[in-house]
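Everything on this sheet refers to the single structure shown next.
The values are calculated or read from the model by the stated rules, or taken from the named source; none is laboratory data. These numbers were taken from a predicted model, which means no experiment stands behind them. Because the Cβ atoms are built from the backbone with ideal geometry, glycine has one as well, and the counts that use them run over all protein chains shown.
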Amino acid sequence: MGAKSDDGNSSRNSKNSSSKPCEQQTEARQFWLLHFPDREPLTVAFTPAASHAEALASYPSALAAEPIEPGRRQPGAPLAGDQEEAIPAWLAAIGETDEATVAEVLTRCRQDEEVRRYFLDRAGAIVADDDRRCCNQCGNLRAGVCAIASPGGVVSAIRGYRPALPDMLQRCAGYLPNARDTDQRTGREIGRNQ
């Protein structure tokens, strides 16, 4: 039976009850609140939207997941240029490069204040502290080979080591900026000649 309203009449709340108990759990949602045994709950956004099972599969240590229905609030101002760049940069940093997904995220950020705040918080947290660089930004990568790699060296690898993923962000003690390197926050070149 549905919930009773203040006037005593029975009614179904389409968001919280259903004739099928599992219906709400299988519906794909963008926002989920995940509960863990050893830490505070975590609000997570999925793009594209994820089902209950997908949300739990993404965080194996989570005990439970509940959908969040954010109240859509129109932003008070358009996305600023640096915000418009920070969100796709953050998505790329976490491995999300699908153009349709990035476009969907930007559209939602332009239309919903809660979504915008979520993605800008994530972009700001990573971009502000991100000192990682790609091997192809390093002056020690020559013709695809790490010039300083040696067993037990700063880059401990065999001589002639070729990074398998030269475009992947990482921290390396042997990093040396090359002329094409750019600051992750500003997009400006920070090469040796500057």
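Filter the stretch 137-161 down to residues that are within 25 Å of ILE94 (Cβ to Cβ) and in contact (Cβ under 8 Å) with a residue 40 or more places away in the chain, then give me how many there are. Number of matching residues: 2. Select from the stretch 90-105 the residues that are under 26 Å from ASP131 (Cβ atoms) and touching a residue at least 12 places away in the same chain (Cβ under 8 Å) and write down the one among them that is surrounded by the most Cβ atoms within 10 Å (Cβ to Cβ). The selected residue is VAL105. Selection within the stretch 1-55: residues that are modelled with pLDDT of 85 or more and aromatic (Phe, Trp, Tyr). The member of this set that is nearest to ILE94 (Cα to Cα) is PHE46. For the stretch 162-175, the condition of being surrounded by 12 or more Cβ atoms within 10 Å (Cβ to Cβ) and touching a residue at least 40 places away in the same chain (Cβ under 8 Å) holds for at least one residue.
When you go through GLY95, GLY160, GLY153 one by one, which is the residue that is of a type in the set (Gly, Ala, Ser), outside any helix (DSSP H, G or I) and modelled with pLDDT of 90 or more?
On the way: GLY95 fails: modelled with pLDDT of 90 or more; GLY153 fails: modelled with pLDDT of 90 or more.
One residue alone meets the criteria, GLY160.
Being modelled with pLDDT of 85 or more and aliphatic (A, V, I, L, M) is a description that applies to VAL105.
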